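Beneath this line is the structure, given in structure tokens, with notes to follow.
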Amino acid sequence: MTEPIMVTVVSALVTWATTAVAQGGSNAVKSWAQLIRNRFQSRPADLVIVEGTLSTQVQPAQTTQAVELLRQEAKRDPEFARQLIALWRAVGTSGSSDDSVTNQVSGDVEGTVIQARDVFGGIQMHGRTD
């Protein structure tokens with residue numbers, strides 16, 4: 001698995017963990033978090049990093065550590081990588097219907113990214129013009 005995917009996975013975990021606290025969580029996200037928790041359960045120092053990404057007070061250093069941890073583990077164990085990707089796909093498509101929109105951005109982005117479904121009245125952007 002490449003670095004951009006790990007960054008996306010950890011960012012999504014942080015976002016979804018925060019949302020799950022507010023909304024009671026979804027089964028797909030719970031399964032994903034459980035897979036990662038189970039993987040690192042016998043490694044307390046690594047589990048602290050994982051649990052840190054699932055808190056509502058995530059620090060940037062924790063995110064960086066979690067990205068590296070998942071990257072190394074996926075490289076070490078291709079089956080874990082496959083499971084992680086399978087659950088990623090389940091999370092990314094859970095709750096979708098025929099009229100839904102799924103926005104995904106991965107990799108390095110330079111400039112502005114707007115993700116939206118229905119926009120009424122247009123979008124105006126001001127700022128840098130380089």
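Bear in mind that the values in this text are calculations on the coordinates, not laboratory data. Quantities reported herein were computed from a predicted structural model and do not represent experimental measurements. Here the Cβ positions follow ideal geometry from the backbone for every residue, glycine too, while neighbour counts run over all protein chains shown.
Numerical summary
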{"item": "Modelled FRET efficiency - R0 30 Å, A86 with S55, Cβ distances, 0.05 increments", "result": "0.75"}
{"item": "Burial ranking of peptide ranges 67-74, 32-39, 115-122 (average Cβ count within 10 Å, highest at the top)", "result": "67-74, 32-39, 115-122"}
